[in-house]
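For reference, the structure discussed in these notes is given below.
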Amino acid sequence: MSDSNFFLSPKASKARLREAEQARKERWDIIKANSHGQVSRRDLIKMGLFTSAGLMLPISGLSPFGRSAFASSNIPTGLPPSPLGTTTAFSTPMPRFDVFPRIPVAALTPAPTAQANTTQQPVDPALGGGTGPIEGRPPGPIWAHQQFGLLPPAIAVDASVEGAKTNTTYNPQVASNMNSGINPASPIPLKFHPNLPTQQVNKVWTYNGTIPPKLMQVRYGEPVLFRLHNRLTVNQNDNGGFGMHTISTHEHNGHHGAENDGFTGAFFFPNQFYDYHYPIVLAGRNTINNTAQDIMASSPTDAGGLNKVPGDWHETMSTHWFHDHMFSFTAQNVYKGIAGMFNIYSGLDRGAEDIIDGVNLRLPSGRAATTGKSWGNLDYDVNLMLADKAWDNNGQLAMDIFEFDGFLGDRMTVNLTYKPYFEVERRKYRFRILNASVSRFFKVALSDGSPMIQIGNDGNLLPHPVVLTQLDEQGIAERYDIVIDFSRYTVGQTVWMVNLAEHQDGRRVSKDLSISEALSGNSQDPAVGKFLEFRIVRDPAQPDISQVPSTLIPNPDLSNIPVARERVFEFNSGANQTTNDPITTFFGPWGIKTDNQGPTLAADYGRISAAPKFGTREVWTLRNGGGGWDHPIHIHFEECQTLSRDGSASKVPAAERGRKDVWRLRPSGEVKITLQFRDFGGMFMEHCHNTMHEDNAMLLRWEIDGAGTPFLNPLPTPIAKPQGVTFMAPDDILPTAFY
Amino acid sequence: MNTQLNMRTWQRLFSPSFMTLLIGIVALLAFGSPSVQAQTTTASDAPVDSSIVLVAKGSLTDPNGSIQIQGQVNVTARRVIDTTSVTSPSIVLLDFDFSQLTGTTGSTKATMKTFVTGGNHASEIRPLQSSDVVIVSTPYYDSTKDALSARTMLVSANLTFDIATGKLTGGSISVGNNVVTAKEVGTVQSAPIQ
């Protein structure tokens, strides 16, 4: 490998590596100062330390990207490689997700309430002292849980976000032989590999402070109360150098009221909790099948039967994730580990492959008759969280928050474990693949080019399965559900999951490689090539009776729903900030232009950019305004259908022809989608999910107009403080926002 | 929010070494440093679309016997200029439409089988160069069976581009067996004791 790329080769000269490490340390002082609130990114840009396009000025001795005295070319040279020591690839098992316990709602103290619980408690002096509410949710009727009486929580999950610690309660919900032999009773220290150092308490923040990452299992018709405690340090200066100790969790992409959406400005502070109420309902529940007559719209019972639920069964969802959404700190906080996955079960997608009732699609999962679980079996239904990471010379998680193009790590992890292996049987498995990176795109293939069957895209099963030998590029936050049939291999064989997407920087994929190229080891991108080893270890104890039906979930028919209006959102660099609110605005190189009017605007969550009317359907165009960048754009709240790419319906790939919530715009590309606004009200977001772009400041707020009492027109903006959330009028309302 | 503190406050909080660093940087800035410009698209940077139809032919060795593959592959290209990139300003987004590729085996009506690709496409990002060899894999399967029975073939495309215009000007496509199959399946290695 040469030195001409993002990360230096381990073979680079010792002097060059020393120089780059020194630059990283010095840069770290600025990163730390920023994350401690001593200086803002806006200040640094004003001072000229950073360009408005984001790249830290390439000054040797400060930026690892500075031209080196040792570099032989004009190409910016990179960071020193994250040290591996004696660690080798594929030498440790991949842990399955750690499943959150489901507890009775009555076990929560205090009991959850429709409106935020404003019981007062002392506020730590580090947070300003005085007293403040125990719950960080904005108070009052607008942020009360919608339809709380109609859809009262049936189960609860009580969790926290906290600093790194050893996991002594790991529960993968599968036997050890389905988890590559991992003994769940053995404590799991927070390491990316057993041979790598334990992460210091504030270097990694996760749900419950532990790894493996957490999985929430829910089912339709069973509302969940997710109580999340913020147990991070009260002193922001103790953040381990990056990350913000105020948090907001987005259940991506739940069809919930806005008060449960993890709105970026509805964050809460250490020592507070936030009650998220996830009703787990089918979209259209008030207008389609509203008396719950259709068995296709159903939820599994514990006894193996089905409960009918209201709504459109074509809106059934399956694979979500949840992650931090702190305003302008999402990249740092998610990179630190605040991310989990969220499987939704239904009559169709049951998680029990042996139940034959004409509704169950019987996708690979496990047998109810074997496990005694009528839904949610995980034996052959595996969550994979892909993320690139980097660590410093001490093996502690490291990040460069000023790489506004996008941050890339040089070490591939799966389920937060460096290049693990996973033992499989000779049968079909379902993998729910999440790209949880900050800026990296993946393109996944098997090392032998064998076919994979894509069954889901983002949260949704596709209308029909698609057979592929290399998946499409997978942008940040996209989820691809695939089935791999390992019966084609023999016991004792291995096959690898391979990344074909090569990056030179965080702007986009620079080149898609063939499998042979990716396996050759010649790529300058350390995250290209094999990253997960499958070991075919045995025949299944019972025959594989799972199926991949030729029809999964057809798209909802929208042909009779008029299009109320169209909107255009153009994603650009060179944004302006037209408002100056010190809390709700952010300044950065990225922004969004709305409806072809005015300038490209940097984020202000006090600004309303769109306000579609409740109960309507709209068509939105998402346009990449620049040349050589890619932006994975996410729209919150309800799944959308893709109408066209670059003006042509035929350019929508087969694996994108279901419902979606994230679209890679592709360089100079344009995507047209359609979506509805129903069932709930409130304020939501739309943003680039390259979270470096999102945080700097490619994000906008939209809200649903006319959702009825108690919603106002427009909605006031919440201003979060430890002593209590206040509200203010919107900073700005774009002229085309409302009708 | 606390990232927006008054400058007079944070100056006192900085370590002496950090302040020294800042002073040094400001001094360096006085001599001028290159700055990445905001990304803008002009008419000459606008994307350029082009497409060609290539006839593909090849044979596969398969457990069903020798399969003759033929058909048209529609290749579309979009040239995009990254106005801020130092290393690869021009890229090409390629789409290969394999939906018209079919295969047959057997010589009699009784033994003849037809193979399809399942309407597969492949999307690729490549740097723009005057000629490029793009190798992708695509599935094929017996048209009377489902996609779970699919196997893999390799498609090798030799494409030529007009560098000046960014347009796809020609090419050829060959189809053959998936040659990575055999060597990229290994055997289980026991993990070292941790």
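Listed here are the residues, each with its yes/no results for (1) of a type in the set (F, W, Y); (2) in contact with a helix residue (DSSP H, G or I) (Cβ under 9 Å, 6 or more places away or on another chain).
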| position | (1), (2) |
| --- | --- |
| A:L306 | no, no |
| A:S318 | no, no |
| A:M326 | no, yes |
| A:F329 | yes, yes |
| A:L348 | no, yes |
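Taking the criterion of being surrounded by 15 or more Cβ atoms within 10 Å (Cβ to Cβ) and among the aliphatic types (A, V, I, L, M), the residues of the range A:135-170 that qualify are A:I142, A:A144, A:L151, A:A154, A:I155, A:A156, A:V157, A:A159, A:V161, A:A164. Screening the candidates A:A655, A:A611 for the property of being more than 12 Å from chain B (Cβ to nearest Cβ) and under 30 Å from A:R285 (Cα atoms) yields one hit, A:A611.
Here A:H464 fulfils each of the conditions (1) surrounded by 22 or more Cβ atoms within 10 Å (Cβ to Cβ); (2) touching a Leu at 6+ places or on another chain (Cβ under 9 Å); (3) within 11 Å of chain B (Cβ to nearest Cβ) apart from (1). Among the conditions (1) out of contact with any Leu (no Cβ under 7 Å at 6 or more places or on another chain); (2) more than 9 Å from chain B (Cβ to nearest Cβ); (3) closer than 27 Å to A:T642 by Cα, the only one that A:K511 does not satisfy is (2). Considering the range A:319-414, the qualifying strands (runs of 3 or more DSSP E), each wholly inside and each with 2 or more residues that are within 30 Å of A:A602 (Cβ to Cβ), run over A:319-324, A:339-345, A:381-389.
Would you tally the residues in the range A:569-608 being part of a strand (DSSP E or B), within 25 Å of the chain's Cα centre (by Cα) and farther than 30 Å from A:L643 by Cα? Talk me through it step by step, then tell me what you get.
So the first thing to find is which residues in the range A:569-608 are part of a strand (DSSP E or B), and the list is A:569-573, A:576, A:585, A:590-594, A:597-601, A:604, A:607-608.
Then drop every residue that is not within 25 Å of the chain's Cα centre (by Cα), which leaves A:569-573, A:585, A:590-594, A:601, A:604, A:607-608.
Now restrict to residues that are farther than 30 Å from A:L643 by Cα: A:585.
Total satisfying the criteria: 1.
Is it the case that A:T594 is surrounded by fewer than 20 Cβ atoms within 10 Å (Cβ to Cβ) and either over 16 Å from A:E478 (Cα atoms) or in contact (Cβ under 8 Å) with a residue 12 or more places away in the chain (or both)? It is false that A:T594 is surrounded by fewer than 20 Cβ atoms within 10 Å (Cβ to Cβ) and either over 16 Å from A:E478 (Cα atoms) or in contact (Cβ under 8 Å) with a residue 12 or more places away in the chain (or both). A:E566 satisfies every condition listed in (1) surrounded by 15 or more Cβ atoms within 10 Å (Cβ to Cβ); (2) not in a loop (DSSP other than H, G, I, E, B) except (1).
Scanning the range A:114-149 for residues that are touching a Pro at 6+ places or on another chain (Cβ under 6 Å) and farther than 20 Å from A:P270 by Cβ gives A:P141, A:I142. Residue check: A:R607 meets all listed conditions (1) farther than 21 Å from A:L712 by Cα; (2) in contact (Cβ under 8 Å) with a residue 60 or more places away in the chain but one, namely (1). Of all the numbered requirements in (1) buried (at least 19 other Cβ atoms within 10 Å of the Cβ); (2) farther than 26 Å from A:W205 by Cα, A:T119 misses one, and that requirement is (1).
Does A:D604 count as of a type in the set (D, E), surrounded by 14 or more Cβ atoms within 10 Å (Cβ to Cβ) and closer than 17 Å to A:S328 by Cβ? So A:D604 fits the description; yes.
Kindly indicate which of A:Q199, A:Q217, A:Q236 is crowded, with 24+ Cβ neighbours inside 10 Å and among the polar types (S, T, N, Q).
The conditions single out A:Q199.
The set of residues from the range B:86-126 being in contact (Cβ under 8 Å) with a residue 60 or more places away in the chain and more than 21 Å from A:D646 (Cβ to Cβ) comprises just one member, B:L101. Scan the range A:518-552 for residues that are surrounded by fewer than 18 Cβ atoms within 10 Å (Cβ to Cβ) and either facing another protein chain (nearest Cβ under 8 Å) or touching a Phe, Trp or Tyr at 6+ places or on another chain (Cβ under 7 Å) (or both) and the total you get is 1.
Strands (runs of 3 or more DSSP E) fully within the range A:609-712 that include at least 1 residues being in contact with a strand residue (DSSP E or B) (Cβ under 6 Å, 6 or more places away or on another chain) and β-branched (V, I, T): A:617-624, A:632-635, A:640-645, A:662-664, A:670-676.
Table: residues versus (1) surrounded by fewer than 24 Cβ atoms within 10 Å (Cβ to Cβ); (2) without any contact (Cβ under 8 Å) to a residue 60 or more places away in the chain; (3) touching a Ser or Thr at 6+ places or on another chain (Cβ under 8 Å).
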residue	(1), (2), (3)
A:F637	no, no, no
A:R657	yes, no, yes
A:F677	no, no, yes
A:N690	no, no, yes
A:D695	no, no, yes
A:L699	no, no, yes
A:F711	yes, no, no
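The one condition from (1) in contact (Cβ under 8 Å) with a residue 24 or more places away in the chain; (2) within 9 Å of chain A (Cβ to nearest Cβ); (3) over 17 Å from A:L513 (Cβ atoms) that B:G170 does not meet is (2).
Scanning the range A:492-514 for residues that are part of a strand (DSSP E or B) and of a type in the set (A, V, I, L, M, F, W, C) gives A:V495, A:W496, A:M497, A:V498, A:A501, A:V509.
Tell me, please, whether a residue that is on the phi < 0 side of the Ramachandran plot, assigned to a loop (DSSP other than H, G, I, E, B) and surrounded by 24 or more Cβ atoms within 10 Å (Cβ to Cβ) can be found in the range A:305-313. Steps first, please.
Kept after step one, since they are on the phi < 0 side of the Ramachandran plot, are these residues of the range A:305-313: A:305-310, A:312-313.
Within this subset, residues satisfying the condition of being assigned to a loop (DSSP other than H, G, I, E, B) are A:305, A:309-310, A:312.
Applying the additional criterion that residues be surrounded by 24 or more Cβ atoms within 10 Å (Cβ to Cβ) yields none.
Looking for residues that are on the phi < 0 side of the Ramachandran plot, assigned to a loop (DSSP other than H, G, I, E, B) and surrounded by 24 or more Cβ atoms within 10 Å (Cβ to Cβ), one finds none in the range A:305-313, hence no.
Values quoted throughout were computed directly from the atomic coordinates according to the rules given, and no laboratory measurement underlies them. Note that the structure is a prediction, hence the values are computed from the model and not measured. Cβ atoms come from the backbone with ideal geometry, glycine included; neighbour counts cover every protein chain shown.
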